[in-house]
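J.: My questions will all concern the structure given below.
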Amino acid sequence: MGHAATEPMIFVTGASRSGTTMVTTILDKHSRIAGLREMQFFGEFCDPRRDPPSRRIDARDAIATLFARQERGILAGERGRSSDPDVERLVRELPAEAGAAEIFAATVARFAARAGKAVPCEQTPRNIYYARALLDWYPAARFVHLFRDPRGVMASQKFRWQRRSLMADPSQMSRRQQIRTWVNYHPYTVAQLWNVATGLALELEGHPRVHLLRLEDLLREPEARVRALCEFLGVDFEPAMLDVEHVNSSYVSTREAARGFSLAPIDAWRSKLSTDECALINRRCGRLMKRLGYQPEPATLSRLGAVTFGGRYLLHLLGAALVNPGRLWIQARGVLAAAGGRSRAVQGTVAAASPDSDSDEQNDGHLVRVFGLPCADAPLPAAARDLVACAAAGRPRRVVFVNAHSMNVAARDARLRRALHDADVVYADGVGMAIAARLQGERLRHNVNGTDLFPHLCREAAAAGVPLALLGASPGVTEACVRVLAERHPSLDVAFAHHGYFDESETERIVAALNRSGAGILLVAMGVPRQEIWIMEHAARLEIPVLMGVGGLFDFVSGRVPRAPAAVRRLHLEWLFRLAMEPRRLFGRYVIGNPVFLTRAFRYAVTGQLTSPDSTEATSR
């Protein structure tokens, strides 16, 4: 990197509406610090989490964009590139090999020099997504991160679209921007983004070049907090820094150029938020709120509130994708990357379930909680090795695969819910579970479904000498499945095979035959919820260590039902292929069931409940 990238620089970050503009305005009052507008450079021109600082970008385009944003603000700056002659001069001064890091540093340094100051201070809230990388990119840079009560953040976001009527220069926000700002608001999104920003900042607590500050403390003790901030930055305190005008407020008119520090924003949320919004914040943000000293107040989410939030969320996503797809994509990447990192940090690498270990956690993966179920997020080969190792060691394992359909059934079937929660190993199957995990602030890296797992399981079982038992499907299908396995895996021992169309009077005979078979793994293909309930009810009498429900697996293996082409599966559209093959049977499961599942996933993310509190507990027959 060039010389510009090693010069002092300040990044002010926080969840959006946390006071980043106020702090930048305070710092701009200092004789050495130039407070800049929001640049939004990182995430748009480069992503420091995956790009090197030398990443090549169009220097002229980037610099002209940043100049426009510095001249007119981020909202007005979207209308075009700057024609300032200094853009061309700066482009010519940069080395031909200058990468993204040097281009940004040189541009903000130029802004500071034009203001007659030495240190640029940039205020893009989402730069907290890239803080660790930026601290490496810029060895002299410092971060100031603002915390704010998420209820205050949500109230400010809720009314942000009205800010145009409060601004000293309403032209800074166009009518289009008003609409975009209104569409971008949803309580769940605000809470989730606050969680991400706050969690990432707390991971940096104690870093010598990171200063954490609560907005409420700044408003209550402005001089003490600004003095501490100056000490962190290595500059002298200047009294002029306390003469700050109100800017960017969602509550206070800035037409009158109000000045000073007001305590009003601290509790303004009380008259702005509904009980449902407060309850959602408690659910999504409560743990981090307590850690920061923000005490949640009792609030219960109403049933109507959960339904309303769910319906509005779909409209919110659609509207945001239409009017501001770039911002939506950047935020989504930031949230998902942070969620993945948080899952790995919290769960860690899980110990292998080896023959001499009694752990039920999966090797080469970690546990991700989805709908309260600890899903083993492991690659298919590792999952197969683990299950065969349990079978060879005689260690009992009840295995379930959970997908959108099974969760829909579990929502109305108490016995299936019990079977899922009592299982030893849970695998998340399908894109629906991945979406649910993301809504709940987690990330699943692997899709572990029975059909894709089965070939790995057969190879591992054949190599380890572990016999399989097959129970389920229609008469003739199980036998066809055995013939296919004999061709594909000649050394695999299928010790037992029986269809699933038997009545209760035959159960004792089948259980006895299974126990005599010497099988190490039993695959039950009876469909949801019958297979999970059958395994749960008979597990104590079965002497086979590993028991798992596999749905329509035997139909696929035997060839009775065709599998979707690999390209379709890669696009996560296998459900659509299956619907086309069996529209009458699967219409309710997919066309009706998928939207119902998404609604349930969102409700769980908000309330922590799969079923409505007043729902009737139904049972399967």
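The values are calculated or read from the model by the stated rules, or taken from the named source; none is laboratory data. Values in this document were obtained by computation on a predicted structure and should not be read as measured data. Please note: Cβ atoms are built from the backbone with ideal geometry, for glycine as well, and neighbour counts cover all protein chains shown. The protein model used for the area step is the full one, side chains on, heavy atoms only, and it has no ligands, DNA or RNA in it. Shrake-Rupley method; radii C 1.70, N 1.55, O 1.52, S 1.80 Å.
J.: Looking at Asp493, Asp424, which is the one that is of a type in the set (Asp, Glu) and closer than 30 Å to Arg283 by Cβ?
T.: Step by step, each of Asp493, Asp424 is checked, and only Asp424 is of a type in the set (Asp, Glu) and closer than 30 Å to Arg283 by Cβ.
J.: Taking region 553-588, which residues are out of contact with any strand residue (DSSP E or B) (no Cβ under 7 Å at 6 or more places or on another chain) and closer than 18 Å to Cys481 by Cβ?
T.: The answer is Asp555, Phe556, Val557, Ser558, Gly559, Arg560, Val561, Pro562, Arg563.
J.: Checking the conditions here, which among Arg37, Arg17 is over 14 Å from Leu134 (Cβ atoms), within 33 Å of the chain's Cα centre (by Cα), open to solvent by 60 Å² or more (accessible area, probe 1.4 Å) and modelled with pLDDT under 95?
T.: When all the criteria are applied, what remains is Arg37.
J.: Considering only region 445-455, state which residues are open to solvent by 20 Å² or more (accessible area, probe 1.4 Å) and either among the acidic types (Asp, Glu) or not in a helix (DSSP H, G or I) (or both).
T.: Passing the criteria: Arg445, His446, Asn447, Asp452.
J.: Does Glu97 count as assigned to a helix (DSSP H, G or I), over 32 Å from the mean Cα position of the chain (by Cα) and farther than 25 Å from Cys230 by Cβ?
T.: Taking the combined requirement at face value, the residue does not satisfy it.
J.: Among (1) farther than 21 Å from Asp86 by Cα; (2) touching a helix residue (DSSP H, G or I) at 6+ places or on another chain (Cβ under 8 Å); (3) basic (Lys, Arg); (4) surrounded by fewer than 19 Cβ atoms within 10 Å (Cβ to Cβ), there is one condition Arg60 misses while meeting the rest; what is its number?
T.: Failing condition for Arg60: (1).
J.: Now, a different point. Any chance region 215-231 includes a residue that's among the acidic types (Asp, Glu), closer than 21 Å to Pro125 by Cα, at pLDDT 95 or above and exposed (fewer than 15 other Cβ atoms within 10 Å of the Cβ)?
T.: Yes, the conditions are met somewhere in region 215-231.
Rundown of residues vs (1) assigned to a helix (DSSP H, G or I); (2) open to solvent by less than 10 Å² (accessible area, probe 1.4 Å); (3) out of contact with any Leu (no Cβ under 9 Å at 6 or more places or on another chain), yes/no style:
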| site | (1), (2), (3) |
| --- | --- |
| Arg369 | no, no, yes |
| Ala376 | no, yes, no |
| His421 | yes, no, no |
| Ala434 | yes, no, no |
| Arg438 | yes, no, no |
| Leu457 | yes, yes, no |
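J.: Looking at region 378-410, which of the residues that are in a strand (DSSP E or B) and charged (D, E, K, R) is most open to solvent (accessible area, probe 1.4 Å)?
T.: Ranking the qualifying residues of region 378-410, first place goes to Arg398.
J.: Now for a different question. Name the helices (runs of 4 or more DSSP H) wholly inside region 488-607 in which the number of residues that are buried (at least 22 other Cβ atoms within 10 Å of the Cβ) is 3 or more. Reasoning before the result, please.
T.: Numbers: elements: 507-517, 530-538, 553-558, 566-570, 574-581, 583-587, 593-607.
Because the criterion is at least 3 residues that are buried (at least 22 other Cβ atoms within 10 Å of the Cβ), the helices (runs of 4 or more DSSP H) in region 488-607 that meet it are 530-538, 553-558, 593-607.
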